[in-house]
1. List every residue pair whose Cβ atoms lie under 7 Å apart, where the two residues are 6 or more positions apart in sequence or sit on different chains, the first residue falls within region 121-138 and is more than 13 Å from R14 (Cβ to Cβ), and the second residue, located anywhere, is among the polar types (S, T, N, Q).
2. Out of S72, S79, I need the residue that is over 20 Å from the mean Cα position of the chain (by Cα), over 30 Å from P155 (Cβ atoms) and in contact (Cβ under 8 Å) with a residue 12 or more places away in the chain. Which one?
3. So, in region 107-151, exactly how many residues are outside any strand (DSSP E or B) and modelled with pLDDT under 95?
4. When only residues in region 56-65 that are touching a residue at least 40 places away in the same chain (Cβ under 8 Å) and in a strand (DSSP E or B) count, which is surrounded by the most Cβ atoms within 10 Å (Cβ to Cβ)?
5. Can you confirm whether F116 is farther than 21 Å from I13 by Cα, among the aromatic types (F, W, Y), in contact with a helix residue (DSSP H, G or I) (Cβ under 8 Å, 6 or more places away or on another chain) and in contact (Cβ under 8 Å) with a residue 60 or more places away in the chain?
6. Could we say that M85 is surrounded by 15 or more Cβ atoms within 10 Å (Cβ to Cβ), of a type in the set (A, V, I, L, M, F, W, C) and within 19 Å of the chain's Cα centre (by Cα) here?
7. Would region 36-52 turn up any residue that is surrounded by 19 or more Cβ atoms within 10 Å (Cβ to Cβ) and under 21 Å from P156 (Cα atoms)?
8. Given the residues V21, V48, V68, which is the only one that is of a type outside the set (S, T, Y), part of a strand (DSSP E or B), touching a Pro at 6+ places or on another chain (Cβ under 7 Å) and at pLDDT 95 or above?
Amino acid sequence: MPIDFSSYNDDLIRAGTVATVQMHIVYGDGTDNVLTYTKDRSAEMLKVEFTVLEGEFAKRKVFANWLVKGSSDGQKSMSEHYLAMLKRIIASAFFLDPNDRSPETLAKYKKEWREFDGMRPLVEIGIEQNRDGYEDKNVIARVITRDMPAWGGRPPIDQVAHDWGAGPAPPPPAAPPQGAPQAPPPINKPPWASRPDARP
C-alpha cells in the first residue's frame, strides 16, 4: 500500500516535539514598551521568538504573537488563554508546583512583561494547519510543568540571569559641532610672576 508523503514538511519542527526553549521578546510600542499594538490598536500582543535549546531541532525557532490585552469579548477570551499559557511558562521555568497555593509560591507568579525575555520553559511544539491561505507553521502546543508525565523527571531548568534594575549606560558627551567657538586655553603664570620682588 503506497504511503502519502505529501503531508510531511521538512521545514517544520515535528509535531509532538518536547524541548526546552528560550524566549526572546520582540519589543513593541504598547504597554511598558514591551507589548505590541494590533493594527487598529484595539488589542496588544506579546511577540515572542522561541528558540529550541536541545535535541535534533536545536537552534530552530517558533514565532508567536500572543494577544494578552483586548477590548472586545473575543479578544478578552483569547487573552485569557494566552495569559494562562504565560502562567504555565513561569511554573515550568522556575520548577513550581502548579498545585502549590502557598503565599511564597504565588508571589513568584508576579512578573513584569519584560521578565519573560530570556525565560526558559519546557514546551511541546505542534503544527498549525494552513488557514486563510497561509502555510502550515509551528506553534507552542502546550507548556509542560513538573507535575505532568511529559516532564519525565527532569531537574529544574537553568535560567538566564538578568539585571532588570540596570538602566542603559549614559551616552558619551557629545562633541562640539564643527566650527563652534572653542574655550580659550588657561593662562599660565610666567616664571617671573612667582618671584618675591615681582610687581603686581
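1. That search, which allows pairs on different chains as well, returns P121/S92; L122/T20; L122/S92.
2. Testing whether each residue is over 20 Å from the mean Cα position of the chain (by Cα), over 30 Å from P155 (Cβ atoms) and in contact (Cβ under 8 Å) with a residue 12 or more places away in the chain leaves just S72.
3. The number of residues fulfilling the criteria is 8.
4. Across region 56-65, the extreme among qualifying residues is V62.
5. Answer is yes for this residue.
6. Here the answer is yes, as M85 does meet what is asked.
7. yes
8. V21
The values are calculated or read from the model by the stated rules, or taken from the named source; none is laboratory data. What you see is a predicted model, and the numbers here were worked out from it, not measured in a lab. All Cβ positions, glycine included, derive from the backbone under ideal geometry; neighbour counts span all protein chains shown.
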